[in-house]
Structure formats: C-alpha cells, structure tokens
Ligand SMILES: Nc1nc2c(ncn2[C@@H]2O[C@H](COP(=O)(O)OP(=O)(O)OP(=O)(O)O)[C@@H](O)[C@H]2O)c(=O)[nH]1
Ligand SMILES: [Mg+2]
C-alpha cells in the first residue's frame with residue numbers, strides 16, 4: 001500500500017481512554033523511552049516540522065496523539081516511558097494511559113520501538129518488545145539520533161542494541177530525524193505493514 005506523505009495529518013490528542021480514536025484502520029505505534037525522538041521520527045517520516053510536538057526536555061508528549069496517514073493508517077505517538085525526573089503520580093498516569101491504549105486499541109499493524117542509537121537499551125525497552133511479541137504485533141527497532149555517532153562507532157552500537165534486545169543486527173535500523181537517514185526504508189516498512197485492502201466486489 002502506498003501512503004501519500006502529503007496526506008498525513010493530526011487527528012487528536014487523548015489525555016485518557018475516553019479520547020482514543022475509534023477506527024478500524026490499522027495502527028502504527030511509535031513507542032520508546034522518553035526523549036529518544038519518537039515525535040521527531042514521526043515528523044521526519046511525514047516531512048513536517050511540527051506535526052507532532054517535539055521537546056528539548058524529556059516528557060514532551062504527555063498524551064496519546066493520533067495521526068491519520070492518507071486515510072489508510074493511524075499513526076500513534078505515545079508518551080515516552082522511563083523518565084526518572086517526574087513525580088510518582090505522573091509516572092502512574094503515563095503507565096495507565098499507555099497500558100490503556102494497548103488494551104483498548106484496535107489492530108496494530110506495526111510497533112516501532114525507538115531507542116537512542118548511542119545507548120544500550122533498558123529493561124523497559126525489552127519489556128516493550130516482549131509485549132509486541134506476545135501480542136503478535138510485528139515490530140521494528142529504530143536506533144534514532146545516529147547522526148550523533150561517528151561512522152566508526154556504528155557497528156558497535158548496532159551490536160549493543162541487537163544483543164540487548166535479542167534481535168538480529170539486520171533488524172536494527174539506524175535513523176536520524178535530524179538528517180533523515182533511514183527515512184525511506186522505515187517509510188517503506190510502514191507502507192508494507194498495512195494489509196492491502198481487499199477489493200470491493
Ligand atoms: N541530533 C538529533 N537529535 C534528535 C533526533 N531526534 C530527536 N532529537 C532531539 O531529541 C529531543 C527529543 O525529541 P522528541 O521527538 O521530543 O522525543 P520523544 O521521544 O518524542 O520524547 P517524549 O515525547 O518526551 O517521550 C529533541 O530536542 C529533538 O530535537 C535525531 O535524530 N538527532
Ligand atoms: Mg514525543
């Protein structure tokens with residue numbers, strides 16, 4: 001399926017489960033630790049600067065944000081997990097919101113786990129990926145901010161991420177929301193994740 005990149009638009013921001021979009025469209029979900037660049041990757045894919053809101057400090061995305069991609073997919077930008085410097089109450093709220101999303105939502109065609117290319121993934125990243133597997137959600141691992149790595153550091157970074165997440169090295173896609181490295185490959189993966197619509201006879 002092709003997704004027209006000029007037809008990706010913001011739908012709604014949900015602070016709680018009542019705000020979730022009810023739709024039969026397959027969903028592509030952007031998940032990962034706070035500040036790894038989930039919202040930036042979404043913007044880079046859509047070739048837009050401020051479609052999803054990006055922050056200098058972790059914890060920018062606090063709601064579940066829904067985007068319509070060409071009337072064919074819903075893209076879902078989640079709040080990040082694992083940010084230590086927020087209150088316990090706020091952490092609980094995020095966890096409830098993210099868990100509620102996965103519990104209530106329709107078909108997820110692709111789970112995109114975004115990690116920071118410079119850092120070893122955490123237990124929470126492993127949990128996220130394990131959840132995708134258990135729920136039989138096809139998953140992609142995107143190592144964002146690769147513009148911050150020297151070329152010589154890239155093979156080691158890939159190895160670290162693949163070992164920590166127990167996925168083959170080929171499954172780790174380097175990405176840069178800054179200079180759009182990996183953009184076309186991830187875009188194609190998203191396009192191929194959605195099932196072709198059955199022809200209406
Ligand atoms: N150099 C570089 N900076 C990036 C890249 N992607 C994101 N950033 C920066 O990282 C910061 C966080 O980006 P966001 O897109 O808000 O991250 P997020 O994962 O959505 O964060 P939360 O919504 O808080 O969970 C911002 O200052 C971005 O400009 C990248 O590929 N390269
Ligand atoms: Mg965000």
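Rule-based calculations on the coordinates, nothing more; no lab input. Since the structure is predicted, the reported quantities are computational estimates derived from the model, not experimental observations. Don't worry about glycine lacking a Cβ; one is built from the backbone with ideal geometry, like all the others, and counts go over all protein chains shown.
General remarks:
- Cα centroid separation, the range 103-122 to the range 11-43 (Å): 11
- A protection proxy built from the mean count of other Cβ atoms within 10 Å ranks the segments 65-74, 154-163, most packed first, as 65-74, 154-163.
- Estimated purely from DSSP H runs of n ≥ 4, each contributing -39500 (n - 2.57), the mean residue ellipticity at 222 nm for the chain is -9500 deg cm²/dmol once divided by its residues.
- Classified by the C-alpha gyration tensor, the range 114-193 has an oblate form. Its axis ratio a/c, with a ≥ b ≥ c, is 1.5 or above, and a/b does not exceed b/c.
- With Rh defined as the Kirkwood radius, the inverse of the mean 1/r over Cα pairs, the Rg/Rh of the chain is 0.94.
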